[in-house]
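The values are calculated or read from the model by the stated rules, or taken from the named source; none is laboratory data. Owing to the predicted nature of the structure, the values given are computational and were not obtained by experimental measurement. Cβ placement follows ideal geometry from the backbone for every residue including glycine, while neighbour counts extend to all protein chains displayed. These area figures cover heavy atoms from the full protein model, side chains too; ligands, DNA and RNA do not enter into them. Shrake-Rupley method; radii C 1.70, N 1.55, O 1.52, S 1.80 Å.
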Amino acid sequence: MGFQLKKYAEPDFTQEFLAGAPDAVLLPAPKDGVVPEQYHSTTIFPEYFKINGEWMLAQESRMDCVAVYKDHRVQVVEFRNVKKDDLVVIGRTEDGSEGIYVYPDGFRGKENTRDLFAFRQGRSRETAFSRDYDELYELLNYEREHGNVVWVMGPACAFDSDSRAAFAGLVEEGYVDALLAGNALATHDLEGAYLKTALGQNIYTQESQPMGHYNHLDTLNRIRYYGSIPAFIEAEHIDNGIIYSCVKKKVPFVLAGSIRDDGPMPEIYGNVYDAQNAMRDCVRKATTVICMASTLHTIATGNMVPSFRVLEDGTVREVYFYSVDISEFAVNKLGDRGSLSAKSIVTNAQDFIVNVYKGVHQVSGK
């Protein structure tokens, strides 16, 4: 039968509390980057706003933004991007009484009946993840043909020879539509391709190499000499790794800088808001997001991703979100964002990538 998306059931707007609800209040922004008091802050869930007697879905909702009525539709806008006189939705109830209805139940079927008391209901290193892996393999094969998969990676993913090769394989076989990371992931992956080390350790044997602590700096310096990552790859005949495969397959990657970066390489976004905008451009298309071994990048991306996506044909579909980390704290931190679809897997990210690469081939029959 294969993977099937859950069907979305939109609200019944004939219900009295919705049919009789007033229009949402709209007030102009007093100045650029400032919104009226009592503004409505958006969530990751589908949100409907009653304007001119019609309930309208904000099609790109995300956390901690405001709803602006412009060009006959509701747009979700970051505070810093609000312009003077933009019409901002006012109201802090979510039950329709102020023309604002937050709807978290669109993808939920019948609730499973279970005992009030039961063991092991959380997600921890003791949790069995076999079913999660199997569902993920099917999902990725579905998304390769029908969706858009964004991956978020920390540098640990580049420290191992097998995980680098596995992720490169996922890129080259069409399971990766965008990559979000920082300077470290790209630096150590390219160090692995250039000098066969990551932070001076051999990426296979993990043995520290003589003067290996210079290797990532030497790699950065060489990239900066050539002026770009693609130029470095061509000039130095790089033929393996995560970033190499992204360049080869023209998969976009966003490398967000941090205050502690070495170098950095030319492609790094040094301005945090430019990085945020570039990340949003990728996330805006995502139907599945997989975050690995990077707590801050994971939470940042999680705040940008709604629990749903409106497709070109008007279909509303679920967005799948996975958080993978060896730390229970890290994965549960993301779980606190309240997503319909955020799943946590507590495991070594390097092992996870290798298992996923093998698993998608088992499901696809390759």
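A few notes on this one:
- Only one of Tyr226, Tyr204, Tyr214 that is open to solvent by 40 Å² or more (accessible area, probe 1.4 Å), in contact with a helix residue (DSSP H, G or I) (Cβ under 6 Å, 6 or more places away or on another chain) and more than 16 Å from Arg164 (Cα to Cα): Tyr226
- Residue list for the stretch 42-79, filter: open to solvent by 30 Å² or more (accessible area, probe 1.4 Å) and either without any contact (Cβ under 8 Å) to a residue 12 or more places away in the chain or charged (D, E, K, R) (or both): Glu54, Glu60, Asp64, Lys70, Asp71, His72, Arg73
- The condition of being closer than 23 Å to Leu255 by Cα and in a strand (DSSP E or B) holds for only one of Ile353, Ile345, Ile290, Ile299, that being Ile290.
- Ile290 vs. criteria among the β-branched types (Val, Ile, Thr), within 22 Å of His188 (Cβ to Cβ) and either touching a Gly at 6+ places or on another chain (Cβ under 9 Å) or without any contact (Cβ under 8 Å) to a residue 12 or more places away in the chain (or both): no
- Residues that are open to solvent by less than 60 Å² (accessible area, probe 1.4 Å) and either among the hydrophobic types (A, V, I, L, M, F, W, C) or assigned to a helix (DSSP H, G or I) (or both) were ranked within the stretch 278-287; the one that is farthest from Glu145 (Cα to Cα) is Ala278.
- Selected residue [over 21 Å from Asp325 (Cβ atoms), open to solvent by less than 30 Å² (accessible area, probe 1.4 Å) and of a type in the set (A, V, I, L, M, F, W, C)] from Ile290, Ile268: Ile268
- Flag for His237 being assigned to a loop (DSSP other than H, G, I, E, B) and either exposed (fewer than 14 other Cβ atoms within 10 Å of the Cβ) or among the small types (Gly, Ala, Ser) (or both): yes
- The criterion of being in a helix (DSSP H, G or I), touching a Lys or Arg at 6+ places or on another chain (Cβ under 8 Å) and either at pLDDT 90 or above or over 15 Å from Trp151 (Cβ atoms) (or both) holds for Asn332.
- The stretch 307-320, subset in a loop (DSSP other than H, G, I, E, B) and open to solvent by less than 10 Å² (accessible area, probe 1.4 Å), residue nearest to Cys157 (Cα to Cα): Val319
- Restricting the stretch 189-201 to residues that are part of a loop (DSSP other than H, G, I, E, B) and open to solvent by 10 Å² or more (accessible area, probe 1.4 Å), the residue that is modelled with the lowest pLDDT is Leu199.
- The residues of the stretch 14-27 that are out of contact with any Gly (no Cβ under 6 Å at 6 or more places or on another chain) and open to solvent by less than 70 Å² (accessible area, probe 1.4 Å), listed by number, are Ala19, Gly20, Leu26.
- Cβ pairs under 7 Å, 6+ apart, first in the stretch 208-231 and without any contact (Cβ under 8 Å) to a residue 24 or more places away in the chain, second surrounded by fewer than 17 Cβ atoms within 10 Å (Cβ to Cβ) and part of a helix (DSSP H, G or I): Tyr226/Ala235
- Search result, residues across the stretch 246-264 that are farther than 25 Å from Ala300 by Cα and surrounded by 15 or more Cβ atoms within 10 Å (Cβ to Cβ): Lys248
- Among (1) open to solvent by 50 Å² or more (accessible area, probe 1.4 Å); (2) more than 26 Å from Ala9 (Cβ to Cβ); (3) of a type in the set (Ser, Thr, Tyr), the one test that Ser323 misses: (1)
- Cβ-Cβ contacts under 7 Å between residues 6 or more apart (or on different chains), taken from a first residue in the stretch 269-282 that is in contact (Cβ under 8 Å) with a residue 40 or more places away in the chain to a second residue that is part of a helix (DSSP H, G or I) and open to solvent by less than 30 Å² (accessible area, probe 1.4 Å), are listed as Met279/Thr301; Met279/Met304.
- Any hit, the stretch 180-188, residues being in contact with a Cys (Cβ under 8 Å, 6 or more places away or on another chain), surrounded by 15 or more Cβ atoms within 10 Å (Cβ to Cβ), at pLDDT 95 or above and in a helix (DSSP H, G or I): yes
- Yes/no for Val356 being among the β-branched types (Val, Ile, Thr) and over 26 Å from Gly241 (Cα atoms): no
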